[in-house]
Amino acid sequence: MRVSVLDVSTTGARIEHSFPLSTDRTLRLHFIWQDQDVTLECHVTRCTTEQARGTLRVYNSGLDFVEGAGGSKRILVGMITDFVTRDLDRLKHPSPSAS
């Protein structure tokens with residue numbers, strides 16, 4: 001099943017999806033970052049209905065990472081580091097605003 005990752009840290013994530021998840025459930029979150037597979041064992045800590053889009057319900061769930069397969073935790077830390085570095089560079093060197 002596909003989900004959208006809204007927030008991520010080294011300890012957990014917040015995801016959006018179109019199906020309810022049971023809390024206290026364990027699942028695997030899998031994605032690819034720069035051609036590297038990332039698979040993280042997660043514990044669902046919460047699941048809420050956020051909004052309805054027509055007949056489609058949208059859910060948000062909080063996940064705590066339990067374990068990473070292979071080097072997944074290392075890749076995750078690298079991914080977060082890349083995002084933070086890019087954001088800091090944008091703050092130091094803002095692009096000219098359109099007039």
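The values are calculated or read from the model by the stated rules, or taken from the named source; none is laboratory data. Predicted model, so just to flag it, every value in this text is computed and none were measured. Every residue, glycine as well, gets a Cβ built from its backbone with ideal geometry; the counts of neighbours run over all protein chains shown. In case anyone asks, the SASA skips ligands and DNA or RNA and just uses the protein heavy atoms, side chains included. Shrake-Rupley method; radii C 1.70, N 1.55, O 1.52, S 1.80 Å.
With +1 on each Lys and Arg Cβ and -1 on each Asp and Glu Cβ, and nothing else charged, work out how big the dipole of the chain is about its Cα centre, in Debye to the nearest 20.
Result for the chain is approximately 220 debye, rounded to the nearest 20.
Could you state the angle between the C-alpha long axis of helix 72-92 and the longest principal axis of the C-alpha atoms of the chain, as a value from 0 to 90 degrees rounded to the nearest 10?
Orientation of helix 72-92: about 40 degrees from the principal axis.
So which trypsin sites (Lys or Arg not before Pro) in region 1-33 are both in a DSSP loop and have at most 16 other Cβ atoms within 10 Å of their Cβ? Spell out each step's value before the answer.
Numbers: sites: Arg2, Arg14, Arg25, Arg28; in loops: Arg2, Arg25.
Sparse-neighbourhood loop trypsin sites (Lys or Arg not before Pro): Arg2, Arg25.
Which residue fluctuates most in the GNM of the chain (Cα springs below 10 Å): Glu67, Glu50, Glu41?
Glu50
Once the Cα atoms of region 1-57 are picked out, what are the Rg and Dmax in Å?
Spelled out, the Cα radius of gyration and Dmax of region 1-57 are 12.4, 36 Å.
Over the alpha carbons of region 51-94, what is the largest minus smallest coordinate on each principal axis, giving the biggest first in Å?
In descending order, the Cα extents are 43, 36, 12 Å.
How do Lys73, Lys92 rank by accessible surface area computed with a 1.4 Å probe, from largest to smallest?
Correct descending sequence by accessible area is Lys92, Lys73.
With the full set of protein chains in place, find how many percent of the accessible area of the chain is carbon and sulfur; take the probe as 1.4 Å.
On the way: 3440 of 6930 Å².
It is 50 percent, rounded to a whole number.
Using a Gaussian network model on the chain with a 10 Å cutoff between Cα atoms, which of Thr11, Thr85, Thr48 fluctuates the most?
Between Thr11, Thr85, Thr48, it is Thr85 that shows the largest mean-square fluctuation.
Which residue fluctuates most in the GNM of the chain (Cα springs below 10 Å): Ser22, Ser61, Ser72?
Answer for the Gaussian network model of the chain: Ser22.
Would you mind classifying the chain by shape? Square roots of the alpha carbon gyration tensor eigenvalues, ordered a ≥ b ≥ c; an a/c under 1.5 is rounded, otherwise it is prolate if a/b is larger than b/c and oblate if not.
In terms of gyration-tensor shape, oblate.
Determine the per residue accessible area of the chain with all protein chains present and a 1.4 angstrom probe, expressed in square angstrom.
Details: 6930 Å² over 99 residues.
Per residue, the chain has an accessible area of 70 Å².
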